[in-house]
Every structure is written in structure tokens, then in C-alpha cells.
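Scroll down for the structure; my scribbles are underneath it.
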Amino acid sequence: MTDLLDHAKIKSAINQIEFNPLIHQSKIVKFCRENNIQLEAWSPLGNGRLLSNGVIEPITDEHQKSPAQVILRWEIQQGFIVLTKTTYPQRMQENAEIFNFTLSLDEMKQIDKLDQEKHSIWYDKIK
């Protein structure tokens, strides 16, 4: 990213990185924020690994929301662009209904603690 910023005629506006409660990629996030590059969460639901997480479940109960909605809200509150993939109309609708509640600072911190810098996608398996 540094080389790109040093040599590109047009500065990057967005950086899409894998980001979810299991992988925060803090150095990249910090760099992008310092350089006014918008972040977009790729694999925002951790390939589904987080949908039955013991930290997420009590928060879902508190807000009467699904695990996916809580996770997406956590990412939105951090300023990320969040795009999800589904072929189910009901899930599409549910994923869009994340703007009528806010996670508390304590809830945000609970989810933050899940970070393991653990990729949830295919290249994690080739190491």
C-alpha cells in the first residue's frame, strides 16, 4: 500500500480486506485510516464461523437480532463498508436491517476480544 500511495497518480479510495471478529488486521486498518482510505470488510461474517459464537449470542438476545446482524452492526460502527453474499431473499432483508440498533461500548469490546488474526477463507489452509 505504501508503494501504491507513493507512485500512483490517483490515490486508492477503498481497501477491501478480510475483516470480521476473528481477524481485525489492525496494522492495515490503522494505515488506511491514517491515509483516509475507506475500508471494506471482505468475509464480514467469517465464512459463517461466528454465527453460533458464545460471545455473540447474548448480544443477539439483548437486541433481538440475529448473529449476522450483530456482527454486521459491529463492523458498521467501526466505519467499514460491509457487503454480504447470500442467495436467500430473507437473509438479504435481514442483513439490511442493522440500522435500527446500536451496540454499546461494552458489547463492542466483547466482540473485539474475539480477534485471533485468523483467516476464514481458503488461503488459511495452505499455510
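The values are calculated or read from the model by the stated rules, or taken from the named source; none is laboratory data. Note that the structure is predicted; figures quoted are calculated from it, not measured. Neighbour counts are summed over all protein chains in view; Cβ atoms, including those assigned to glycine, are modelled from backbone coordinates with ideal geometry.
Observations, loosely collected:
- Among the residues listed as GLU117, GLU40, GLU75, the single one being under 23 Å from LYS27 (Cβ atoms) and in a strand (DSSP E or B): GLU40
- Every test in (1) assigned to a helix (DSSP H, G or I); (2) in contact with a Cys (Cβ under 6 Å, 6 or more places away or on another chain) is passed by ASN15 save one, and that test is (1).
- Selected residue (criterion: farthest from TRP74 (Cα to Cα)) from residues of region 88-108 that are surrounded by fewer than 11 Cβ atoms within 10 Å (Cβ to Cβ) and polar (S, T, N, Q): GLN90
- If the condition is being exposed (fewer than 10 other Cβ atoms within 10 Å of the Cβ) and on the phi > 0 side of the Ramachandran plot, then region 1-48 contributes only ASN36.
- In the set ILE76, ILE81, ILE59, ILE111, only one residue is of a type in the set (A, V, I, L, M), buried (at least 16 other Cβ atoms within 10 Å of the Cβ) and touching a residue at least 60 places away in the same chain (Cβ under 8 Å); that residue is ILE111.
- Search result, residues across region 42-58 that are modelled with pLDDT of 85 or more and not hydrophobic (A, V, I, L, M, F, W, C): SER43, PRO44, GLY46, SER52, ASN53, GLY54, GLU57, PRO58
- Test: GLY54 is touching a residue at least 40 places away in the same chain (Cβ under 8 Å) and exposed (fewer than 14 other Cβ atoms within 10 Å of the Cβ): no
- Residue match in region 7-26 (condition: touching a Ser or Thr at 6+ places or on another chain (Cβ under 9 Å), in contact (Cβ under 8 Å) with a residue 12 or more places away in the chain and more than 18 Å from HIS119 (Cβ to Cβ)): no
- Just one of the listed residues (ILE98, ILE111) is over 30 Å from ASP6 (Cβ atoms) and assigned to a loop (DSSP other than H, G, I, E, B), and it is ILE98.
- Where THR60 falls short, out of the listed (1) under 11 Å from the mean Cα position of the chain (by Cα); (2) among the polar types (S, T, N, Q); (3) on the phi < 0 side of the Ramachandran plot: (1)
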